[in-house]
Amino acid sequence: QVQLAESGGDSVQAGGSLRLSCAASGYTGRSYCMLWFRQAPGKEREGVARIYTGGGYTSYADSVKGRFTISHDNAKNMLYLQMNSLKPEDTAMYYCAAGYYCGGWSYKVYNYWGQGTQVTVSS
């Protein structure tokens, strides 16, 4: 059973920084895809960043390029999202997801999800 658990969400002022973490367990040996999604109240779930744990691939939504950085620590099996220059429009519940497919943003194709961590950015 694959399990994911996010942490690190907080309330910050615009221009501030946060680092989100996601602990993954249950995968055995092979590389896989890990992603960050976010969802604001009344809005569609939005892909933010994804990374292939075997190396060589990351992808970002245009809205966060240059501000957010996704990384994975293979030794600790931890996913991170470093968020800098935060804006009020970044306010959302942030979710960690995982699967063996890493070619798109559709949340429907990713099997495993964390419970979410809230990020609130005030102006």
Contour excess over end-to-end distance, with Cα ends at THR120 and ASN84 and 0.36 nm allotted per residue: 11.6 nm
Identify which of GLY103, GLY42, GLY54 has the largest mean-square fluctuation in a Gaussian network model of the chain, with springs joining Cα atoms closer than 10 Å. GLY42
Mean Cα-pair separation over length for the chain, i.e. relative contact order, pairs under 8 Å, 6 or more apart, %: 36
What's the percent breakdown of Cα-Cα distances in the chain across 10 Å bins, shortest bin first? 14, 50, 30, 6, 0
Qualifying aspartates and glutamates (Cα of each under 17 Å from Cα of LYS65; at least 8 residues distant if same chain): GLU46, GLU89, ASP90
Around ALA23 (Cβ within 15 Å, Cβ-to-Cβ, excluding ALA23; K/R +1, D/E -1) the net charge comes to 0
Taking a cut-off of 19 Å between Cα atoms, list the aspartates and glutamates near LYS76, but don't count ones fewer than 8 places away on the same chain. GLU6
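Computed from the coordinates by the stated procedures, all read-outs in this text should not be read as laboratory data. Nothing here was measured: the structure is a model prediction, and the numbers come from that model. Neighbour counts are summed over all protein chains in view; Cβ atoms, including those assigned to glycine, are modelled from backbone coordinates with ideal geometry.
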